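**Q** Have a look at this one before I ask anything.
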Amino acid sequence: MPVIRFGISLENVLLGRFDSLVKKKGYASRSEAIRDIIRDSLVMEEWESSIAETVGTITIVYSHDTRELTDILTDLQHHYYNSIISSMHIHLDEHNCLEVIVLKGRAQDIRTIADRLIGTRGVKHGKLTVTTTGKHLK
């Protein structure tokens, strides 16, 4: 695939801050950082379309001591088995658990599943992290 060069104009202050970010994150060049920023915007565009096939992870932290919570979370995951690719359960300490659930499907469906799991009474913290299948990124 051919690479196309183009110019960009920035104020000194903005360029300085960008260069600091490039260095802090360990990018080999400004170009690599800009490519990542563009890719991130394209992934967000996929998620906003609601119909594109996307990928996401749901991370939840909860106490297994909360009455019936483990059963409810397991039942929800079984209900959405078509979208859930994998899950990992980690015992953080004698009371708290962390689960990471990987999903693939339409953005709208993944958001619905995330809202159901994260909103379950007894979940202490939850977060949906969105990404792409990579099919449309080069």
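The values are calculated or read from the model by the stated rules, or taken from the named source; none is laboratory data. Just so it is clear, the structure is predicted and the values come from calculations on it, not from any experiment. Cβ sites come from the backbone with ideal geometry, for glycine too, and all protein chains shown count toward neighbours.
**Q** What residue, among those in the range 89-138 that are modelled with pLDDT of 95 or more, among the acidic types (Asp, Glu) and in contact with a Leu (Cβ under 9 Å, 6 or more places away or on another chain), is nearest to ALA52 (Cα to Cα)?
**A** This residue is ASP115.
**Q** Please work out if ARG67 is out of contact with any strand residue (DSSP E or B) (no Cβ under 7 Å at 6 or more places or on another chain), outside the structural domain of ASP109 (by TED's automatic domain parsing) and not β-branched (Val, Ile, Thr).
**A** On the way: out of contact with any strand residue (DSSP E or B) (no Cβ under 7 Å at 6 or more places or on another chain): yes; outside the structural domain of ASP109 (by TED's automatic domain parsing): no; not β-branched (Val, Ile, Thr): yes.
The answer is no for ARG67.
**Q** May I pose another question? Would you confirm, using the coordinates I've provided, whether GLU46 is buried (at least 18 other Cβ atoms within 10 Å of the Cβ) and either within 23 Å of LYS135 (Cα to Cα) or polar (S, T, N, Q) (or both)? Step through it out loud before you land on a result.
**A** Numbers: buried (at least 18 other Cβ atoms within 10 Å of the Cβ): yes; either within 23 Å of LYS135 (Cα to Cα) or polar (S, T, N, Q) (or both): yes.
Yes.
**Q** While we're on this one: Counting just the residues of the range 15-36 that are within 21 Å of THR131 (Cα to Cα) and hydrophobic (A, V, I, L, M, F, W, C), which one comes out surrounded by the most Cβ atoms within 10 Å (Cβ to Cβ)?
**A** Out of the qualifying residues, it is ALA33.
**Q** Name the one entry in ASP36, ASP65 that is closer than 30 Å to GLY26 by Cα and acidic (Asp, Glu). Give the steps one after another, and end with the answer.
**A** Numbers: ASP65 fails: closer than 30 Å to GLY26 by Cα.
Of the residues listed, the single one that is closer than 30 Å to GLY26 by Cα and acidic (Asp, Glu) is ASP36.
**Q** Give me the pairs: first residue in the range 112-138 and without any contact (Cβ under 8 Å) to a residue 60 or more places away in the chain, second residue surrounded by fewer than 13 Cβ atoms within 10 Å (Cβ to Cβ) and of a type outside the set (Phe, Trp, Tyr), beta-carbon distance under 9 Å, and six or more apart or on different chains, which are they?
**A** Qualifying pairs under 9 Å: ILE113/HIS79; ALA114/LYS127; ARG116/HIS79.
**Q** Here is a list of conditions, (1) at pLDDT 95 or above; (2) surrounded by 14 or more Cβ atoms within 10 Å (Cβ to Cβ), and ARG39 meets all of them except one; can you say which number that is?
**A** Of everything listed in (1) at pLDDT 95 or above; (2) surrounded by 14 or more Cβ atoms within 10 Å (Cβ to Cβ), ARG39 misses just condition (1).
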